[in-house]
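None of the figures in this text is laboratory data; all of them are computed from the coordinates on show. Since the model is a prediction, treat every value here as computed from it, not as a measurement.
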Amino acid sequence: MSQVQLQLTKVEALAGYRLRLTYADAQTWEVDLEDWINVTASLMPLKDLALFAQARPGAGGWTVDWNRDELE
């Protein structure tokens, strides 16, 4: 497996606090972040669904990113 296959190409916000992650090899995964958001102080701003919906692939496709100003 090459590192390119592991790169995110698309992030879609779904209902609630779920994301659909699409990778360079076309695999998709759905993850539910609600529990993590509820117990992680630095992620509490993501309880705002409008902000949560702004999820996007981070630099290089290695992370999920949001507006950092809102999370600090």
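Observations on the structure shown:
- Built amide H within the under 5 Å cut-off of K10, gap 5+: T22
- D_trans [Stokes-Einstein, Kirkwood Rh over alpha-carbon pairs] for the chain, 37 °C, 0.692 mPa s, µm² s⁻¹: 260 µm²/s
- Residue by residue, region 39-50 carries 3J(HN,Hα) couplings of 10, 10, 3, 5, 9, 3, x, 6, 5, 6, 4, 5 Hz when phi is fed to the Karplus relation 6.51 cos²θ - 1.76 cosθ + 1.60 (θ = phi - 60°); x denotes Gly or Pro.
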